[in-house]
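Below is one structure, written out as structure tokens; comments come after it.
Please treat every number below as a calculation from the coordinates, not as lab data. This structure is a prediction, so every number in the text was calculated from the model and none was measured. A quick note on method: Cβ atoms are made from the backbone with ideal geometry, for glycine too, and the neighbour counts reach across all protein chains shown.
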């Protein structure tokens, strides 16, 4: 089978005299793997949390989506990597925000910024 995954998105920005719009074509993607991991994980402010991968290996990560299921804009969750024991955020989701991306085969971690929260995510096997 081919084209098991379909990804589409659009974004529009309008403020003052500035306008931007980006609406790429829908991507149809063939996924060779069969596993998917994720769910809802509590993320604490006390330190970075390893995102649970279960049986999937880091090198098999493919497409993923993340959503901060909090409702407060102040309840941000950062997602990133750890290098030599130090957490480095690569994205931050405020309450209700989401991101869709293709992963590069690194173990991911998450950290709540100002208050504990919950991160919903799914990572597909590549």
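How would you order 115-122, 79-86 from highest to lowest mean count of nearby Cβ atoms within 10 Å?
115-122, 79-86
Could you give the nm distance between label points at residue 9 and residue 22, where each point is 7 Å from its Cα heading toward the beta carbon?
0.7
At 7 Å along Cα-to-Cβ for each site, give me the label-to-label distance between residue 88 and residue 101 in nm.
The two pseudo-label positions are separated by 1.3 nm.
Would you mind getting me the FRET efficiency between residue 53 and residue 116? Use the beta-carbon distance for r and R0 = 25 Å, nearest 0.05.
Given R0 = 25 Å and the Cβ-Cβ separation, E is 0.70.
Given an 8 Å cut-off on Cα distances and at least 6 residues of separation, report the relative contact order of the range 32-125 as a percent.
About 48 percent, as a whole number.
When the convex hull of the Cα atoms of the chain is projected onto a plane and the area is averaged over all directions, what value comes out in nm²?
Spelled out: convex hull of the Cα atoms, projected over all directions, averaged, 9.3 nm².
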